[in-house]
1. Between a residue in region 35-48 that is touching a residue at least 40 places away in the same chain (Cβ under 8 Å) and under 24 Å from Gly69 (Cβ atoms) and any residue that is surrounded by 12 or more Cβ atoms within 10 Å (Cβ to Cβ) and hydroxyl-bearing (Ser, Thr, Tyr), which pairs come within a Cβ distance under 8 Å, given they are 6 or more apart or on different chains?
2. Going through Leu17, Leu13, Leu59, Leu102 one at a time, which residue ends up being surrounded by 10 or more Cβ atoms within 10 Å (Cβ to Cβ) and at pLDDT below 90?
3. Just name the residue that is surrounded by the most Cβ atoms within 10 Å (Cβ to Cβ) out of those in region 21-34 that are of a type in the set (A, V, I, L, M) and free of Cβ contacts under 8 Å to residues at least 12 places away in the same chain.
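The values are calculated or read from the model by the stated rules, or taken from the named source; none is laboratory data. Bear in mind that the values here come from a model prediction, so they are computed numbers and not experimental data. No Cβ is skipped: glycine too gets one built from the backbone with ideal geometry, and neighbour counts run over all protein chains shown.
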Amino acid sequence: MKTIIKLAVACALALSLAACGTAQTKSLSDANMALKSAMAANVKAKKMYVEWRDTGKVLKKARKAKGAGNYDKAVKLAGKAERQAKNAVAQAKAQKNVKPRL
């Protein structure tokens with residue numbers, strides 16, 4: 001009986017701590033740095049004419065989230081856009097000399 005009570009108290013404590021973990025952790029400067037990095041990576045992809053279709057859309061959403069004060073979302077979206085831009089450049093370099101197989 002005592003172990004069940006201890007288990008119930010531990011579960012309640014864990015759930016209450018999980019609910020407290022939803023506070024915003026990123027700041028405006030974090031969002032600005034993430035957006036700056038993502039835009040620099042995307043400029044490189046644009047110069048090579050290999051920008052992926054959704055990268056600009058994701059950057060636009062990140063800027064909108066930053067403007068609304070949702071810095072966590074802005075940093076997350078900027079990271080996604082930066083990965084897309086870097087992957088586009090890597091894909092272009094990897095497939096630079098690809099020829100059709102006949």
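1. Asn42/Thr55
2. On the way: Leu17 fails: surrounded by 10 or more Cβ atoms within 10 Å (Cβ to Cβ); Leu59 fails: at pLDDT below 90; Leu102 fails: surrounded by 10 or more Cβ atoms within 10 Å (Cβ to Cβ).
When all the criteria are applied, what remains is Leu13.
3. Pass one, region 21-34, residues of a type in the set (A, V, I, L, M): 23, 28, 31, 33-34.
Adding the requirement that they be free of Cβ contacts under 8 Å to residues at least 12 places away in the same chain leaves 23, 33.
Working: Ala23: 6, Met33: 14.
So, considering only residues that are of a type in the set (A, V, I, L, M) and free of Cβ contacts under 8 Å to residues at least 12 places away in the same chain, the one surrounded by the most Cβ atoms within 10 Å (Cβ to Cβ) is Met33.
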